[in-house]
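Report on one structure; see the data block that follows.
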Amino acid sequence: MKQDMQIVQVNEASDAKEDLLTPVQVNERPYVLAVDDEPGILKSLERLFHSEQMEFHTALGGTKAIEMMEKQTYDLVLSDMRMPDMDGAELLNRVYDFNPESIRMLISGYSDHDLVIKAINEGHVHAFIEKPWNNAQLVSRVKAALAEKKVQTNRDSDIDPLINLFEGDPSSKPGEKESVLVLMESLHQRLPEIWRHSKRVADASRMFADYLCLQNAMQNSCYLLGYFSSIGRLLLSDELNKKKEYAYSKEDKELIGKQYQMGRTLLSISDKFNSIAEALVTLDDDFSEQESQMARIVSVVLFYDKLVSGELNSKVSTVQAKKQLKEQSGKRLDPELVDQFLLMMERRDKGQLKGSVRPISAHALKPGMTLCEKVITSSGQVLLESDTTLTTRLIDRLIDAEHHQNSPLTLFVK
């Protein structure tokens, strides 16, 4: 029987610190390189793209462009075709060698048409811009290409764990991976808000599993379980999916209560998802030691995200969310994992998770790891200082210290 939960409604302002499940806002301005042998054309392109949200660089000729690419990765390279030191098609072939993921555009006159078509057919040129170009259309095409590249990059990061699951496995059935990809894309397209919630939970679950020093296979499983935690919503009506949990009627609750069983049915298209499908149906259960580790990890993250996103009630601050998470410790959620999650949050708030800072046991240490904090014994003795790079001798010393004090040391490494 589920525990009754009292969700506290607060009117206070959100915490100033960024929340774990809120995507980090970083400078994502793409890098663009324009290449031509005429300084006047480069100047006009600089003026044209000056106000756009991108880092726009220019290179006078192919040789200079290669020098610049040795120091900087460019998301898009725009090159003139006819240049004395190296023609544009040859340059873009070199760009491909530097970075196959870059977008490569060729500017050319009509007389170069056959050469351009040949370059496109060889696969190293994505598009060509015909001279004389229209300024507005040129800017539009460059921006559209960069936007599509960003979408594709995000999508690739979503499906990497899925590809890892199928890659190199001869037992995979024809069309099996593609069917699962269709499910992922359907959630994204039909239920974008619920997809964003699932994506946050997936990313944070993988982060949490990494923090707990779990193996990559378990990290990927936690990611996929988080990602598919709402997949059963595809079988519910759009009207119901638009409602928040606090606004459900009795009938709504009965239908929503079946979403995890529905999700398990959808995931039955692949035997590879058996463990994830079985974990899925336990996400709404009270805490139990018999519940799988991945389900207990994702349950903590899932509950926290519902609090801060306002799914359970009006949005609460991260301070209140952490308090209410603690209240569910041992009831709905694994108490040990709640404590670890809150510790991870605290360390993140202090900026101590950069560089994959994580707790670890002495026996799991490896030479080359760096300590992020002083190592202090239970008696208060400082064994090693922060920023110490571990060697085999130092690791042996830490293992001996744990043995002598008969309890684990608190170790954080990166």
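No lab work stands behind these numbers, since they all come straight from the coordinates. Everything quoted here is computed from the prediction, not taken from an experiment. Virtual Cβ from ideal backbone geometry, glycine too; neighbours counted across all protein chains shown.
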Taking 332-345, 288-301 and ranking on average Cβ neighbours within 10 Å, highest first, one gets 288-301, 332-345
log₁₀ of I(q)/I(0) at q = 0.13 Å⁻¹ - the stretch 198-334, Debye sum with one point per alpha carbon
-0.55
Once both label points are put 7 Å beyond Cα along the C-beta direction, the Thr63-Leu181 separation in nm becomes 4.4
Express in % the proportion of alpha carbon pairs of the stretch 31-151 at distances exceeding 23 Å.
20
For the stretch 201-261, what does the convex hull of the Cα positions come to per residue, in cubic angstrom?
96
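Counting other beta carbons within 10 Å of each residue's own, what order do Cys222, Cys372, Cys213 fall into, fewest first?
Working: Cys222 31, Cys372 20, Cys213 14.
Arranged by neighbour count, lowest to highest, Cys222, Cys372, Cys213 become Cys213, Cys372, Cys222.
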Tell me the Rg and the Dmax, in Å, that the Cα atoms of the stretch 360-413 produce.
9.8, 27
